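**Q** The structure is given below, and queries will be raised subsequently.
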Amino acid sequence: MIGVGGILSYPFMVHAFEAGTIVAVVCGAMGWFMVLRRQTFAGHTLAVVGFPGAAGAILIGASAGLGYFAFCIAAALIIGAAAGTAEAPSYRDESALIGTVQAMALGLGFLFVTLYHGNLTGLTGLLFGSFLGITSQQVVALLVIGAAALLTLAVIGRPVLFASVDPDVAEAAGLPVRLLAIGFLVLLGVAVAEASQITGSLLVFALLVLPPATAQVITGRPVLGVGLAVGLGVAVTWTSLVVAFYTPYPPGFYLTTIGFAAYVAARAARFIHARRSRAPAHDDVAVLGPVAVP
């Protein structure tokens, strides 16, 4: 039986670990803000949009990666710009817009697959990804794009955080809230396009949502939360690759299962802690969340 160290003697596993780590770091950071901003539906739509982008690129003989980025970024711009046309777009209007984009993307994806008369064995890879077929050139490309996205997020992170927590006050303070919203969606599209090349369009949500959501259950501190989301994403990715190496099942299955198990464990631990630490009620004290106000 090959030990864990022996796994790294295979170049394809080394590339899988490298690419998986890059994607996990980017998705962990972007996903934390996405969950905070309650834009998981938008993130899911961007993931779905990546599929027709890749299929369309293959149809015209271009790179699937180019299709991922082109469609995800275009969809992010459409969603962000259209949501900003109204003075105060409601959640209902915004979700309807996002759902419309998603439905159109699925229709295009089906059309592109139907028009393609070549070998469709790569369709599963577009939907569910392939950790084990990554080249060193792809790793370098992912590293460059991921570093650029994270650097941009670091620059706009504080304003985006302010606008996410209290958009009205942020706008009153002079922050370009709508421009920040569009910029973040574009960054999210980049993260989704990058991750989709590894996880596929249907499994990108596992890294983009589960580790950040788990981190926010554990702590509400932004810096600690982002770091924890990144750490959980990397841990889940590495564990999935190791387990998948010794079993006949794909890494994507373990990615979602382990990530979901971590989220459930965090929720259960928080529930148990809240039950144990619940203080008895007093007539002269009003309890507001974790803070007791006399």
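**Q** Normalised radius of gyration for segment 4-293, please: alpha carbon Rg relative to 2.2 N^0.38 Å, two decimal places.
**A** Values: Rg = 20.4 Å, N = 290, 2.2 N^0.38 = 19.0 Å.
Segment 4-293 yields a ratio of 1.07.
**Q** Can you compute the label reach from I7? Point 7 Å from Cα along the Cβ direction, backbone N cut-off under 18 Å, restricted to segment 242-277.
**A** 242-262
**Q** Sort 189-202, 222-235 for me by packing, meaning the mean count of neighbouring Cβ atoms within 10 Å per residue, highest on top.
**A** Per-residue Cβ counts within 10 Å, averaged per peptide and sorted highest first, yield 189-202, 222-235.
**Q** Using the number of other C-beta atoms within 10 angstrom as an exposure proxy, rank R37, R275, R221 with the fewest first.
**A** Least crowded to most crowded, the residues run R275, R221, R37.
**Q** With the crude spin-label approximation of a point 7 Å out along Cα→Cβ, what separation in nm comes out for A82 versus I60?
**A** Placing both labels 7 Å along Cα→Cβ, they lie 2.1 nm apart.
**Q** How big is the Rg/Rh ratio for segment 168-262, C-alpha atoms only, Rh by Kirkwood, two decimals?
**A** Answer for segment 168-262: 1.08.
**Q** Per 0.36 nm of contour for each residue apart, how much would the distance between R276 and Y249 grow if the chain were fully extended, relative to their Cα-Cα spacing?
**A** On the way: separation 27, 0.36 × 27 = 9.72 nm, distance 3.96 nm.
Between R276 and Y249, full extension yields an extra 5.8 nm.
**Q** Determine the gain in length on full extension of the stretch D168-R221; use 0.36 nm per residue of separation and subtract their C-alpha separation, reporting nm with one decimal. Can you show the working numbers first?
**A** Numbers: separation 53, 0.36 × 53 = 19.08 nm, distance 2.13 nm.
The span from D168 to R221 would gain 17.0 nm if fully extended.
**Q** Okay, next question. Counting other beta carbons within 10 Å of each Cβ, put F205, F253 in order, fewest first.
**A** F253, F205
FYI, it's all coordinate maths here, none of it is from the lab. The structure displayed is predicted, hence computed values, not measured ones. When we count neighbours, we look across all protein chains shown, and the Cβ atoms used for this are built from the backbone with ideal geometry, even at glycine.
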